[in-house]
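None of the figures in this text is laboratory data; all of them are computed from the coordinates on show. Remember, it's a predicted structure, so these values are computed and weren't measured experimentally. Neighbour counts are summed over all protein chains in view; Cβ atoms, including those assigned to glycine, are modelled from backbone coordinates with ideal geometry.
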Amino acid sequence: MLKTRIVTTALAALVLAGGSVGAAGLSKGTPDWKSAGPLAFGPKGVLFLADSQGAAIIAVDTGDVQADSAAGALKVEGLDEKVAALLGTTSKGIVITDLAVNPASGKAYLTVARGKGPNAAPVLVRVDRSGKLEVVSLESLPFAKAALPNPPTKERAKSESVTDLAFVDGRVFIAGLSNEEFASRLLSIPYPFADSSQGTSVEIYHGAHGRFETGSPVRTFTPYQVKGESYLLAAYTCTPLVKLPVAQLKPGTHVKGTTIAELGNHNKPLDLLVYQKDGKDFLLLTNSSRGVMKIQTDKVDSQEGITKKINDTAGLPYETIQGLKGVTQLDGLDKEHALILVQTPTGALNLETIALP
Amino acid sequence: MTRWKRSLGIWLAIAVTAAAAPDESRPGPPHGGLVIHWHDSEGGRPSAVEVEGIAPADLAALSALSRSEPPSFHWSRVFPVIVVTGDQAAGGEERPAILGTYRVIDARLRFEPRFPFEPGLKYRATFRPSRLPLESYRSFKDITTEFTRPLPPPPPPTSVVRVDPAGERLPENLLKFYLHFSAPMSRGEAYKRVTLRDAAGRPLEVPFLELGEELWDPSGTRLTLLLDPGRIKRGLKPREDLGPILESGRGYTLVVSREWPDATGHPLRESYRKSFRAGPADEVQPDPKTWKVAPPTADEVGPLSLTFPEPLDQAMLRRALTVLNPLGQEVAGQVEVDVSATRWSFRPARPWLTGRYQLVVDTSLEDLVGNSIARPFEVDIQGPITPRIESATTSVPFEVRAKRLP
């Protein structure tokens, strides 16, 4: 079993956007984006960028709301070299930090660190269906910024990394990890960001076979609907996959979540994607050691929490998708396809479209 | 291909006389031909590359075309600048042009890359007059020049300064290492460059929690390396299948490879090895009631010292404790933590006053295995009930007395 404690007293997220607040709380300007990290899309082409170094979530209206007219599969071979070429360097000089597809346009967005040291510049790259790469300038775009608690300072060596973020039911959920204390933190900020929107920090404990309860950071998560209710499916750094009901993640309440699967050894989930096929829901999970796993989720709502020891990977049934090795990033492209970033045996990174299995 | 030499100044000029002799009676490039200048990013000036020799009237007209909405002319088609890699020398595919801005300044076409030219990389600028929408330039051949910003002299090699925790005997449920470097390091390579080896020198299989975003401090000189919590926590599959990472009684060595490049791309001075022996698991939460407090003396600036029965988290100790004076105000001063992280001391900026002070302790302060004052790393819910502290801080009072006269 998993117990969730919501702490509101210590953490508050403040909106920092300057100027007059326009539609949806965004105002035109150039956000001070300090570091590349996870990204996620909200409605109507609004993009959320997690900035660990700037201790902020930046919401940007990309204006990218027209469906890409080019047909066919999105594919870019040697994506890392091509992005590096645009940025005047080689693939050794960049790190691709995350990939997300804008559901409004079907175009892919990547966050890229240009440089490898602490001063690496963040860059947003857009890839259209024809494979054309374009650096998206954040100059003079409608944006808003919500500050995360505990910004790093020169005096303090503590910093908070964002491991994942998602927009669900009007809130941005952010999973984070500190470089000092080991604690599970899930922050939620209502969007549009209010003048002093209250970030809700959720402390999560999950059980192991009904006996030990521990706190552990969430590594990746994805929103998910069961019978009209929103959940987060979260993969922990120590492997359990848990279900958290979004509606109950409110300040001052105790939430019981459920461990629905334990993924086993060396199974470090990198990305999660929920999709429908033949009227059933499936979860696709990329994984550092086992490749891509497909998990049936039609039993998620009835799945009892794992409370006793099971010999093999416990909980939901799953299969490993053969032929998909080296997948480092994953996102849904449309109803039938997913977009993956794959590392080839030679080390190059390819962006590829795959049919959802 | 035109060869270039780096001049003493920061300007490099390559004069290329266009192959077709211009007819002076019509507009077009002046008689002197077209020249490409490379501009290094020294002295706070941006990197740039410029073409000189296009007639000012033509430049103005082209500029206007490039600014029209939508632009009917793109400078990047006429004057692309690329990074040249090894595979291009071997006839590989042309790389996309570098992102940057084109402007006309002082009768020159100027390209400023978004990021400065990187030392050691070869850049190529090609000016293609035939692609200009001007008849008079059609007969001119392309001119191409290359530029490499020289590598600066290598900085003093970066080294591992120390690894925390420092002890030679560490609990088998150890949660993390802090690696301290003498200069900022490159990101994205940590899990390739650090290994944990058993007594026979064999690397352990995936002992660390490998995160997409490595846990660096803001200066890039301290990395937090978490041991895989799935193999520390009891009752989870990774530990049940593979066993714990460290086992009491056995010897291990943490090895940091010399090959790990620092932020400037240079390898470390030398590999670093930290050998230790694993001891029994630590399942006891830190408890301020067990700390030995050595109070300072009034009117002096001698330290307030604490001694802990076990090592605590070296990094968190530097920020988790605050001293309040008898009026409840925070006392400014200097914190010191000894290498073993069992002793913490605080020297005030001004002499201590007589009275009752408070040491305020952040209850998130952890020991080496992730047990904090507030909560243990894991709770055995079938075992005895573990107290859970809900408050963010707890206080340890201490009395500052006047100095006793001899």
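Overview of values
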| read-out | value |
| --- | --- |
| Sequence-separation-based contact order of the range B:288-400, relative, with Cα cut under 8 Å and 6+ spacing, percent | 29 percent |
| Dipole magnitude (debye, nearest 20) for the range B:160-279, charges at Cβ of Lys, Arg, Asp, Glu | 300 debye |
| Reach of B:LYS403 by Cα under 18 Å, taken over aspartates and glutamates that are not fewer than 8 positions away in the same chain | B:ASP299, B:GLU300 |
| Neighbour-count order for B:SER63, B:SER130, B:SER345, B:SER372, fewest beta carbons within 10 angstrom listed first | B:SER130, B:SER63, B:SER345, B:SER372 |
| Burial ordering of B:ARG110, B:ARG343, fewest other beta-carbon atoms within 10 Å first | B:ARG343, B:ARG110 |
| Sorted by Cβ density within 10 Å, fewest first, the residues A:LYS92, A:LYS107 | A:LYS92, A:LYS107 |
| Neighbouring partner chain Cβ atoms per residue of B:137-150, average, 10 Å criterion | 0 |
| Amide H within-cut-off set for A:THR220, under 5 Å, with H built and near neighbours excluded | A:ALA235 |
| DSSP beta bridge pairing in the range B:160-279, given as percent antiparallel to the nearest 5 | 90 percent |
| By average C-beta atoms within 10 angstrom, highest first, the peptides B:299-312, B:153-166 | B:299-312, B:153-166 |
| Restraint check, A:LYS132/A:LYS335; A:LYS92/B:LYS141; A:LYS34/B:LYS122; A:LYS34/A:LYS116; A:LYS92/A:LYS145; A:LYS82/A:LYS116, Cα-Cα greater than 24 Å | A:LYS92/B:LYS141; A:LYS34/B:LYS122; A:LYS92/A:LYS145 |
